[in-house]
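Just below is one structure, and these are the notes that go with it.
Read-outs: derived from the displayed coordinates by stated rules, not from any lab. The structure presented is a predicted model; accordingly, all values stated were derived computationally and were not measured. Positions of Cβ are backbone-derived with ideal geometry, glycine not excepted, and every protein chain shown enters the neighbour counts.
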Amino acid sequence: MKLLSHILERLALAVLLVGGLGMLMSMFLGVADIVGTQILLIPVPGPRELTESTMVLIVFGALAYAQIRRAHIRVELFYFQMPPRIRATMDVITDLAAIAFFGLILSEAFSEARYSLQIGEATDGLIRFPLWPARFVLAAGCALVIVQLLLHLFQDFIRIKTGEGLKNDPLGVLQKVE
């Protein structure tokens, strides 16, 4: 299980870095388009299309890494007041709900990606970017999140049994009430 967790973390980090690179490319291309349009009166073709495609990579590429760090937003009003077993039970419920949610997204995303590939879907504009790669990235991002959620689900069931707090807690806040 540690090997799978390590591989998943490296893969999620790689996808996160590629998403960051995509964000930088979109930013530089957007700035070049603004400078070209406003100062040189020569617009740069393609920044909108590239930004549309890389937005999926940026968002869905970061989801798995955020899940690994358990950094998604949660309401902690009652969470920290509960003993570790109750917190672990709350985490199990959250894991199951998230698996169902991302499972539905994955099902639709994969279906849309296959259809997009079949019809050769591309953006409109001066430069035609194919849309199917972004759709497959969305599906892959959801799949990575689901695998990480399954790992967390397994860990959370162990936490219910043992009564331990979270081990992966960089800020130390989840160990507050024991």
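Quick look at the numbers
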{"read-out": "For log10 I(q)/I(0) by the Debye sum over Cα atoms at q = 0.13, 0.14, 0.15 Å⁻¹, calculated from these coordinates, the label among [x] -0.64, -0.74, -0.84; [y] -0.76, -0.84, -0.91; [z] -0.58, -0.68, -0.79", "value": "[y]"}
{"read-out": "Amide hydrogen neighbours beyond the local backbone of residue 122, cut-off 5 Å, H modeled", "value": "131"}
{"read-out": "Largest to smallest principal axis extent of the C-alpha atoms in the stretch 92-141, angstrom", "value": "48, 18, 13"}
{"read-out": "Ranked by how many other beta carbons lie within 10 Å on average, peptides 67-75, 10-18 from highest", "value": "10-18, 67-75"}
